[in-house]
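Report on the structure given below.
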Amino acid sequence: MKKLVLVILCFFLFYSAFSQNETEKLILQELRQEMKEMRKEQQEFKLQTEKRLTAIESRFEGINQRFESVNQRFEGINQRFEGINQRFEEVNKRIDILLYVMIAILTGIFGLIGFVVWDRQVSLRPIKDEAKEVKRDIEMLKEKEQKLENALRNLANIEPKFSEILKNVGIL
């Protein structure tokens, strides 16, 4: 832009000094020269832009490769987590099985204790009944013994020989 203003200024300055043809020729030459310079600058700018774009593309390719490597790492980590999840599921299954076995064992133990208590009651019932009968018999015998002792004492009061016999035996 500055060059264009310069050219216009030069044009007016030289216009007064030279004739119109000569001035036109000079202007044309200057314009051609400026056009060549602008084309060169444009080509240089184009080359620089292309270089920058290729550099940017190479950087993006590097970044893409980095992202791909990061994605691969994450995939590896995801696989590890899946493996760990499977292990936890297996451990949970084993714990569940262990829990069921423990419940079965405790149920068996309580069932056995219940059976033992029931069996004791059933097996002791005839013995308890027999013991009650024996107690009744003993009480009856004690009563009879008491009555017999009373009778023997009465008899010993009546018979003195009988009284001596009972003393020797230890009844009186």
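The values are calculated or read from the model by the stated rules, or taken from the named source; none is laboratory data. Please read these numbers as outputs of a predicted model, since none were measured by experiment. No Cβ is skipped: glycine too gets one built from the backbone with ideal geometry, and neighbour counts run over all protein chains shown.
So, Asn64, is that one within 60 Å of the chain's Cα centre (by Cα), assigned to a helix (DSSP H, G or I) and at pLDDT 90 or above or not?
no
Without any contact (Cβ under 8 Å) to a residue 60 or more places away in the chain, of a type in the set (A, V, I, L, M), outside any helix (DSSP H, G or I) and out of contact with any Ser or Thr (no Cβ under 6 Å at 6 or more places or on another chain): which single residue out of Ile56, Ile171 fits that description?
Testing whether each residue is without any contact (Cβ under 8 Å) to a residue 60 or more places away in the chain, of a type in the set (A, V, I, L, M), outside any helix (DSSP H, G or I) and out of contact with any Ser or Thr (no Cβ under 6 Å at 6 or more places or on another chain) leaves just Ile171.
Could you count how many residues in the stretch 126-151 are closer than 19 Å to Ile171 by Cα and either of a type in the set (Lys, Arg) or under 60 Å from the mean Cα position of the chain (by Cα) (or both)?
Of the residues in that region, 3 qualify.
Condition (residue is farther than 30 Å from Ile171 by Cα, small (Gly, Ala, Ser) and either at pLDDT below 90 or touching a Cys at 6+ places or on another chain (Cβ under 9 Å) (or both)) applied to the stretch 114-125: is it met by at least one residue?
Within the stretch 114-125, one or more residues are farther than 30 Å from Ile171 by Cα, small (Gly, Ala, Ser) and either at pLDDT below 90 or touching a Cys at 6+ places or on another chain (Cβ under 9 Å) (or both).
Taking the stated definitions as given, is Ile105 modelled with pLDDT of 90 or more, surrounded by 10 or more Cβ atoms within 10 Å (Cβ to Cβ) and under 53 Å from the mean Cα position of the chain (by Cα)?
Judged against the criteria, Ile105 is a match.
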